[in-house]
1. Please check: in the Gaussian network model of the chain (C-alpha springs, under 10 Å), which one of Gly12, Gly139, Gly126 has the largest mean-square fluctuation.
2. In what order do His135, His40, His62 fall by count of nearby beta-carbon atoms within 10 Å, going from fewest to most?
3. Using the crude model of +1 on Lys and Arg Cβ and -1 on Asp and Glu Cβ, and no other charge, please compute the dipole size for the chain relative to its Cα centre, in debye to 20.
4. Would you order Met1, Met77 from fewest to most other beta-carbon atoms within 10 Å of each residue's own beta-carbon?
5. Normalised by the residues of the chain, what does the relative contact order come to in percent, with Cα pairs under 8 Å and at least six apart?
6. I want to verify a result. In a Gaussian network model of the chain, Cα cutoff 10 Å, which of these has the top mean-square fluctuation: Asp80, Asp111, Asp122?
7. Along the charge dipole of the range 2-144, Cβ charges K/R +1 and D/E -1, which of Ala29, Gln59, Val46 sits furthest on the positive end?
8. I'm a student and want to see the number: the projected area of the Cα convex hull of the range 2-144, averaged over all directions, in nm².
Amino acid sequence: MRVTAREEYCAGCRLCEVYCAVSHSPYPADPVKAFRKSPHPPISRVLVEEQRPVSFALQCRHCTEAICVKACITGAMYRDPVTGAVRNQEERCVGCWTCILVCPFGAIRRDEQGKKVAAKCDLCAGAVEPACVKHCPNGALVVEGKGGGLKCM
């Protein structure tokens with residue numbers, strides 16, 4: 001499963017970034033509290049790329065042969081055996097940033113707001129629908145079936 005951007009529908013509003021950050025904050029139901037009351041400002045795991053007139057959301061592709069998983073020195077980056085999603089076990093991550101260096105999509109970011117770990121799309125684990133997809137006003141983000149089918153190499 002992965003989120004795919006349909007650039008022809010993306011208006012560059014960046015609401016996907018906002019709701020992604022909020023969903024990963026201590027206040028996932030309240031955007032104002034997420035940004036005003038969190039001890040560290042939440043970061044988005046999706047990034048809107050923009051070069052007018054084209055804009056689209058960029059996030060982890062959950063590759064079938066994920067080189068971030070192979071490159072992770074601690075084994076923190078792994079494939080969820082149930083969902084097929086590539087996840088980061090933050091308590092094992094040491095912040096070496098190797099996964100960031102090898103990701104060909106630039107979809108992994110540094111979360112230095114306290115934990116100093118790699119941050120990437122986790123498809124909003126446990127949610128029925130990822131926050132970015134749920135809150136996209138134009139339907140520019142869609143969820144595709146299990147296993148992204150992409151090879152990162």
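Every read-out reported here was derived from the displayed coordinates using simple, explicitly stated rules and does not represent laboratory data. What you see is a predicted model, and the numbers here were worked out from it, not measured in a lab. Glycine also receives a Cβ, built like all others from the backbone with ideal geometry; neighbour counts cover every protein chain displayed.
1. Looking only at Gly12, Gly139, Gly126, the largest GNM fluctuation is found for Gly126.
2. His40, His135, His62
3. Here the chain has a charge dipole of around 240 debye.
4. Met1, Met77
5. Values: 314 pairs, mean separation 50.5, N = 153.
Over the chain, the number comes to 33 percent.
6. Asp80
7. The residue sitting farthest along the positive end of the dipole is Ala29.
8. Convex hull of Cα atoms, orientation-averaged projection: 8.6 nm².
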